[in-house]
Amino acid sequence: MIPALVREKTGMLAFGIAALFPPFATLIPASCGVACGGCPLTGGCLAIPAVAAGIGVFSSRPRIRAIATRIREGIAKLS
Amino acid sequence: MAHPMAQKERATDMPALATLKRNKWRYLSLVAGFLLFVAPFALLGRGVNLLIGGIADPTIHTFCYRMPLAALFGGGFLTVLGTVAGVLVIGVVSASFFLGPAFCGWLCPAGAVSEAVSRVVPLSERYRLRLKDPAVTRGLRYGFFTGFVAVAVVIGYKLATIGSLTCKYCTPSVLQTLASGLTGDITALSYWHTGSILTLFSWLLVGGVFMSGGRGMCLFFCPLGALSSLSHTIGKKFGMYRVAFNAGKCAGCAECKVSCPTWAIGSDRIPDSTLCNTCRECTTACPRGSYEYRRGGPE
């Protein structure tokens, strides 16, 4: 059971992180809303944090972790 | 004796057909919401045009959820007060005070589509994110809302030159261009840009497929949803309509938690009014009728 104080602290931390998101989100793509286009990725780099977050969430699942461990062990045996 | 399922809170995949039958009126209402707001149907927009003699093409933009809110906090609310969108936003937030955020749970097409995608994609619940603690979900939701308000203030009062958050990441716009493109208006797809691609990605894939209930966008990125829930929370204190929990009837089966698309039900089983969208899935999912949509009274 998580003590109420810790839970509230976690909630406040979540609040702080989420509050920073909108100001930062205004800084990426160009202010007109068009893809930045400054490089060949044409804004594709913006998907990197979202993909990284998705991988983080997905890989935190116990079943996925177990599969990853088995793959690592398999690679270790091969080498 | 405790319910057998109380031994371990299940994260089951709810039988889809049973869920569909139990909540048929809500799902029919969500379909009606799509037909009312989204072009080429946009029945409500057409009705408004008939009423006031409007000539603009009726789309979901007729009822923009976001601009009136940005204008409210940016000091320009009077400019949108008489607009159709302004009336909608005032109506939704006011109705939430009395009835709860029923617009979000029963009518909003953007939320309906991501929820539908979540239910249709046959991905096991174990691969979907569901925050167990409503305090964290609440923190994320109102953190984003605070940031949205801060950006609206900065832009509205010209404190700095930054891009608008309101239109750059607009879920209803993405929905509208998708609907228009799929129904033959290919020119609608010229709208697409980085912001809309990110919005689509976070709305349907991250918030829809990979979040339990498919309401990730509503929970974390919708300013109207956050404001409606705040209005509902104040209304609840004044004894207005809400989803109430009767602990005496609860068997601890956790079907309510599993069925709640907005993760409003925590370990104490009391719906968190800052997250609840009064969809009333818990009232139909609970086998012992522990949840009731009613006015006032103790929890």
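Please determine whether any residue of the stretch B:50-58 is touching a strand residue (DSSP E or B) at 6+ places or on another chain (Cβ under 9 Å), more than 25 Å from A:PRO23 (Cα to Cα) and not hydroxyl-bearing (Ser, Thr, Tyr).
Filtering the stretch B:50-58 for residues touching a strand residue (DSSP E or B) at 6+ places or on another chain (Cβ under 9 Å) gives none.
Scanning the stretch B:50-58, I find no residue that is touching a strand residue (DSSP E or B) at 6+ places or on another chain (Cβ under 9 Å), more than 25 Å from A:PRO23 (Cα to Cα) and not hydroxyl-bearing (Ser, Thr, Tyr), so the answer is no.
Go through (1) in a helix (DSSP H, G or I); (2) surrounded by 22 or more Cβ atoms within 10 Å (Cβ to Cβ) for B:TRP263 and report which single condition fails.
For B:TRP263, the failing item is (1).
When both residues are 6+ apart or on different chains and their Cβ atoms are under 9 Å apart, which pairs have a first residue that lies in the stretch B:284-298 and is in contact (Cβ under 8 Å) with a residue 24 or more places away in the chain, and a second that is surrounded by fewer than 13 Cβ atoms within 10 Å (Cβ to Cβ) and not polar (S, T, N, Q)?
B:SER290/B:ALA247; B:SER290/B:GLY248; B:ARG295/B:GLY239; B:GLY296/B:PHE238; B:GLY296/B:GLY239; B:GLY297/B:GLY239
Only one of (1) closer than 29 Å to B:ARG66 by Cβ; (2) among the charged types (D, E, K, R); (3) out of contact with any His (no Cβ under 9 Å at 6 or more places or on another chain); (4) outside any helix (DSSP H, G or I) is not met by B:ARG269, so which one is it?
(1)
What are the residue pairs meeting all of these: first residue in the stretch B:19-33, first residue over 16 Å from B:SER114 (Cα atoms), second residue among the hydrophobic types (A, V, I, L, M, F, W, C) and buried (at least 17 other Cβ atoms within 10 Å of the Cβ), Cβ atoms under 8 Å, and 6 or more apart or on different chains?
Correct list of pairs: B:THR19/B:ALA285; B:ARG22/B:ALA285; B:ASN23/B:CYS279.
Wholly within the stretch B:114-207, which helices (runs of 4 or more DSSP H) include no fewer than the required count, namely at least 1 residues that are facing another protein chain (nearest Cβ under 9 Å) and buried (at least 17 other Cβ atoms within 10 Å of the Cβ)?
Hits in the stretch B:114-207: B:134-156, B:165-168, B:194-200.
Confirm whether B:PHE221 is surrounded by 24 or more Cβ atoms within 10 Å (Cβ to Cβ) and either out of contact with any Ser or Thr (no Cβ under 6 Å at 6 or more places or on another chain) or on the phi > 0 side of the Ramachandran plot (or both).
Against the criterion (surrounded by 24 or more Cβ atoms within 10 Å (Cβ to Cβ) and either out of contact with any Ser or Thr (no Cβ under 6 Å at 6 or more places or on another chain) or on the phi > 0 side of the Ramachandran plot (or both)), B:PHE221 qualifies.
So if I check each of B:SER114, B:SER118, which one is closer than 23 Å to B:PRO40 by Cβ and touching a Gly at 6+ places or on another chain (Cβ under 8 Å)?
Every option except B:SER114 fails the conditions.
Cβ contacts < 6 Å: first residue of a type in the set (Val, Ile, Thr), restricted to the stretch B:111-137; second residue in a helix (DSSP H, G or I) and modelled with pLDDT under 90, any location; separation 6+ or different chain. Result?
Correct list of pairs: B:VAL136/A:THR10; B:VAL136/A:GLY11; B:VAL136/A:ALA14.
Identify all residues within the stretch B:280-291 that are surrounded by 12 or more Cβ atoms within 10 Å (Cβ to Cβ) and closer than 12 Å to B:GLY248 by Cβ; write none if there are none.
Of everything in the stretch B:280-291, those that are surrounded by 12 or more Cβ atoms within 10 Å (Cβ to Cβ) and closer than 12 Å to B:GLY248 by Cβ turn out to be B:ARG288, B:SER290.
Assuming B:HIS232 fulfils every condition listed in (1) on the phi > 0 side of the Ramachandran plot; (2) assigned to a helix (DSSP H, G or I) apart from one, which condition is it?
With respect to (1) on the phi > 0 side of the Ramachandran plot; (2) assigned to a helix (DSSP H, G or I), B:HIS232 is out only on (1).
Looking for something under 19 Å from B:HIS61 (Cα atoms), out of contact with any Gly (no Cβ under 9 Å at 6 or more places or on another chain) and in contact (Cβ under 8 Å) with a residue 60 or more places away in the chain - is there at least one such residue anywhere in the stretch B:211-221?
Initial filter on the stretch B:211-221 (under 19 Å from B:HIS61 (Cα atoms)): B:217-218, B:221.
Adding the requirement that they be out of contact with any Gly (no Cβ under 9 Å at 6 or more places or on another chain) leaves none.
Taking every residue of the stretch B:211-221 in turn, none turns out to be under 19 Å from B:HIS61 (Cα atoms), out of contact with any Gly (no Cβ under 9 Å at 6 or more places or on another chain) and in contact (Cβ under 8 Å) with a residue 60 or more places away in the chain.
The values are calculated or read from the model by the stated rules, or taken from the named source; none is laboratory data. Since the model is a prediction, treat every value here as computed from it, not as a measurement. In this analysis, Cβ positions are derived from the backbone assuming ideal geometry, glycine residues included, and neighbour counts consider all displayed protein chains.
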